[in-house]
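Step one of this worksheet: look at the structure below.
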Amino acid sequence: MRQQSAAVRPRARGTERSVARRAELIAIGRKLFADTSYDALSMDDIARQAHVAKGLIYYYFHSKRGYYLAIIQDSVADLVSFAASGLELPAVDRVHRTVDSYLRFAEHHQAAYRTIVSGGVGFDTEVHAIRDGVREAIVATIAEGAYGRSDIAPLARMALLSWVCSVEGATLDWIDRPALSRDTMRDLLVKTLGGSLRAIEELDPAYPTPPPARREV
């Protein structure tokens, strides 16, 4: 038993080091691609700016596209997990917090956000899958806050999904022409959500509009 344990421990430590090294490369990549498009950086550029050997990136991610997808997935994971949290908050606070975090993500990761919303280089099914995952997470968050559950009827889901898609378009325009502050943009998007919720109630009374809640300024 001792010999087996001794044989396993070095492998476990090696795995931990590999996970940590991979996470470090992704963190570096998030900074590099924050405001730089996929096509603007070659693997030589990435390796030079990251101060690592190009072969190390290929070792962990196999290709430039694999590296970029890993960076995008890591970037949106924080957004999705944040959107799904805060269940203890009042519904209106949770919605404000979710929309604000969404706008912050788009503001600070503009190149990645454009890639996610536009679908990547050409028709990229993997990037589309990431985008669809973000959409569903936001829809689920809004549904939980408005109706107390994420499993909602097709009409309500479609209305919320339509709102999320409109948010994507508005956010793209906002990061290109930031004439509005993030707070104003957030409040505008929350108010348009109120219109979507009222439309849902009108078409399906089983989904009443949540009563407005007073928020402290």
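Since every read-out is calculated from the coordinates, none of them should be taken as a lab result. The structure presented is a predicted model; accordingly, all values stated were derived computationally and were not measured. Heads up, the Cβs are rebuilt from the backbone with ideal geometry, glycines too, and the neighbour counts pull from every protein chain shown.
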- Query: Can you give the Rg to Rh ratio of segment 66-203, both from alpha-carbon atoms, with Rh computed by the Kirkwood formula?
  - Reply: 0.95
- FRET efficiency for residue 52 and residue 202 from the Cβ-Cβ distance with R0 = 45 Å, rounded to 0.05, comes out at 0.20
- Query: What list do you get for 64, 191 if you sort them by fewest beta carbons within 10 Å?
  - Reply: 191, 64
- Note on the structure: Scalar couplings 3J(HN,Hα) for segment 194-209 by Karplus 6.51 cos²θ - 1.76 cosθ + 1.60 (θ = phi - 60°), nearest whole Hz, x for Gly and Pro, are x, x, 5, 5, 5, 5, 4, 4, 5, 8, 9, x, 5, 10, x, 5
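Order of 185, 43 from fewest to most other C-beta atoms within 10 Å?
So the ranking, lowest neighbour count to highest, is 43, 185.
For a footprinting-style exposure proxy, rank 67, 58 by other Cβ within 10 Å, fewest first.
Ordered by Cβ neighbours within 10 Å, fewest first: 58, 67.
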- What list of ³J(HN,Hα) couplings, whole Hz, do you get for segment 160-176 from phi and the Karplus terms 6.51, -1.76, 1.60, once you set θ to phi - 60° and write x for glycine and proline? 5, 5, 4, 5, 4, 5, 5, 4, 4, x, 5, 5, 4, 5, 5, 6, 7
